[in-house]
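This report concerns only the one structure given below.
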Amino acid sequence: MLTSNVRNTADQIDRANATGLTPVVFVHGLWLLPSSWDRWAAVFEDAGYTALTPGWPDDPETVEEANAHPEVFAHKSVGQVANHYADVIGQLKKKPAVIGHSIGGLLVQMVAGRGLSAATVAIDPGPFRGVLPLPYSALKSSAPVLGNPANRNRAVPLTFDQFRYGFANAVSEDEAKELYETFAVPASGVPLFQAAAANLNPWTEVKVDTLNPDRGPLLIISGEKDNQVPWAIANGDYKRQKRNQSVTEIVEMPNRGQSTAAGARSQTRLSPSSSGTQSSPKHRRRPDQTGCRLQNAVAGTNDAGLTGYLGPCPPPGDRTHRYQLTVFALDVRSLNLPPGVRAAVVGFTMRTHILDFARLSCLRRSSIPCASTDYMCATLYGSRDLGRLASTRNKLLATASSCRRWTLAPRRLRRSAM
């Protein structure tokens, strides 16, 4: 079984390197196999990426084989599996995007924290050291493992009722049974015990370097009805990760549970931009507030959950705020993204099309917004026309310098009259 799995992974790596396309590495979680990503992999292949679905060490090829030999899952730790995926990624010629689910969502954040991914998507991700919320539904979902200390060194299967509560609570009974029969396998008990003790153990393997400047953009996706990793845990991951200088976003998918990544029919509506166009109780926006007057421009969703540019708005009396305004030159005329798309989706889509960029750093010393914001909405189209990029950068400088309450930094045009 090990030989077959390694050969399969090696074939995927060779294929990805041969195509020259941007690779996307999918990382599954507990109680699943790489086959749970089949629908996702097909969608990304159709979109022009090359998909890799490597398993955990010793993963069997099929669900039937896994259920016949559950002992192969035992003793797998978070650190061991993270190192395994780091080794897989290290053999790729191009830095990949990585997408993980549940404990796999934790693993991809660990990989990103090592600077190994170009962009990261964590779906219903498990918690790491520093994430404190522990809702009752998460404890109940983990009880089949954590309820018996001896399970740490075992491979633990789920009954259908346990699977239904933790994975398939947002789908019908018939679909839940289909998912259970198609995807459910035993899982190592070690990762759940490690996650449960992460905040008590300073030497835990369940930790993420959230401040690494090479982490890249990160999107965290939470299912509204997820019992195993409810919003409180996913948002706890986000609160730790948002301190990173790279783009960090979180979105809640309405009426979704843990089965989204496993290819549930009623839960999976896949497209490269689908996660960016969903409204949710946590991120509402006013669709008519575009904040941009440019013809044929598309306005995305800002940090306030609204469509459009809000302008600098530090609270009155607050400390000085720093803002960075960036214009990108792309080698395509359009990214074909829908209105309201979130920043992480934009970053993921355009990363392979960037020719150059100009960035302006500004210090905001007042709560009164700057009047001129037109250039903040600009998208620079062109075919390697870097002269236009320089021109737009100069307009950004002129716009900011005309606002009396901006100070430009460092060692550039400065105007601090108040």
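Laboratory data are not the source of any read-out in this text; all were calculated from the coordinates shown. Worth saying up front: this structure is predicted, and the values here are computed from it rather than measured. Cβ coordinates were reconstructed from backbone atoms using ideal geometry, including for glycine residues, and neighbour counts include every protein chain displayed.
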* To do: Within the set of other residues whose C-beta is less than 11 Å from the C-beta of GLN258, count the net charge using Lys and Arg as +1 and Asp and Glu as -1.
  => +1
* To do: Give the order of GLU173, GLU45 when sorted by the count of other beta carbons within 10 angstrom, beginning with the fewest.
  => GLU173, GLU45
* Structure fact -> Counting only residues 5 or more apart in sequence or on a different chain, those whose built amide H sits under 5 Å from that of VAL156 are ALA187, SER188, GLY189
* Asked: By a straight-distance test (C-alpha under 21 Å), which lysines pair with LYS177 as possible cross-link partners, with residues fewer than eight away in the same chain excluded?
  -> LYS140, LYS225
* To do: Would you kindly state how much longer the chain becomes between GLN324 and GLU45 on full extension, computed as 0.36 nm times their sequence separation minus their alpha carbon distance, in nm to one decimal?
  => 97.0 nm
* So, counting K/R as plus one and D/E as minus one, what does the shell of residues with Cβ under 13 Å around ASN83 add up to? -> 0
* **Placed amide H near GLU224: partners under 5 Å, 5+ positions off or other chain** => MET253, ASN255, ARG256
* Asked: Where the centroid of each part is defined by its Cα atoms, how far is segment 61-88 from segment 192-231 in Å?
  -> 20 Å
* Asked: Among HIS321, HIS353, which comes first, then next, by fewest other beta-carbon atoms within 10 Å?
  -> HIS353, HIS321
* To do: Give me the distance between the Cα centres of segment 23-47 and segment 150-164, rounded to whole Å.
  => 23 Å
* Structure fact -> One point scatterer per Cα, no solvent, Debye formula: log10 I(q)/I(0) for segment 164-266 at q = 0.10, 0.18, 0.19 Å⁻¹ comes out as -0.37, -1.01, -1.07
* To do: Please report ILE13, ILE103 as a ranked list, fewest other C-beta atoms within 10 angstrom at the top and most at the bottom.
  => ILE13, ILE103
* Would you mind checking segment 130-155 for residues with the amide N under 20 Å from a putative spin-label position 7 Å along Cα→C-beta of ALA232? => 130-147
* Asked: Dipole magnitude of segment 2-276 about its Cα centre, charges +1 at Lys/Arg Cβ and -1 at Asp/Glu Cβ only, in debye to the nearest 20?
  -> 1000 debye
